[in-house]
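Colleague: Here's a structure for you.
The values are calculated or read from the model by the stated rules, or taken from the named source; none is laboratory data. Treat the numbers as computed from the prediction; the structure is a model and nothing was measured. Note that we place each Cβ from the backbone using ideal geometry, even for glycine, and neighbour counts take in every protein chain shown.
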Amino acid sequence: MKIGSNIQAKAMNYNIMQKGLGNSQDAQLKSIQNQILRVQNQIQKLSENEDMSLEQKMDMRKELQQQLQDLNKQTMQRQIEMQKEQRE
């Protein structure tokens with residue numbers, strides 16, 4: 001499934017970014033990571049939902065993917081902030 005593989009690729013990219021930071025995670029970054037995991041789980045469970053029409057599922061998937069995009073941006077911004085703090 002294309003969407004599933006896309007989510008996996010994003011998750012792998014996120015994990016690579018995390019390894020690049022080493023152990024320098026802070027509470028804010030962990031919170032964002034937890035939010036990303038929750039959204040990914042929601043996307044995976046969406047196909048199992050029999051109460052929603054295909055159109056509703058597509059709309060919901062689109063919204064969740066937008067949330068993932070926003071969370072990934074927040075992750076990048078926080079990592080940049082942390083790198084700046086380490087240089088100071």
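Colleague: Considering only residues that are of a type in the set (D, E, K, R) and outside any helix (DSSP H, G or I), which ones fall in the range 27-55?
Modeller: Matches in the range 27-55: GLU48, GLU50, ASP51.
Colleague: Report whether or not ARG78 is surrounded by 13 or more Cβ atoms within 10 Å (Cβ to Cβ), among the charged types (D, E, K, R) and without any contact (Cβ under 8 Å) to a residue 60 or more places away in the chain.
Modeller: Answer is yes for this residue.
Colleague: Given the criterion charged (D, E, K, R), more than 12 Å from the chain's Cα centre (by Cα) and at pLDDT 95 or above, identify the matching residue among LYS73, LYS57.
Modeller: After ruling out the rest, the residue left standing is LYS57.
Colleague: Does the range 26-60 hold any residues that are in contact (Cβ under 8 Å) with a residue 40 or more places away in the chain and more than 30 Å from MET82 (Cα to Cα), and which are they?
Modeller: Within the range 26-60, just GLN44 meets the criteria.
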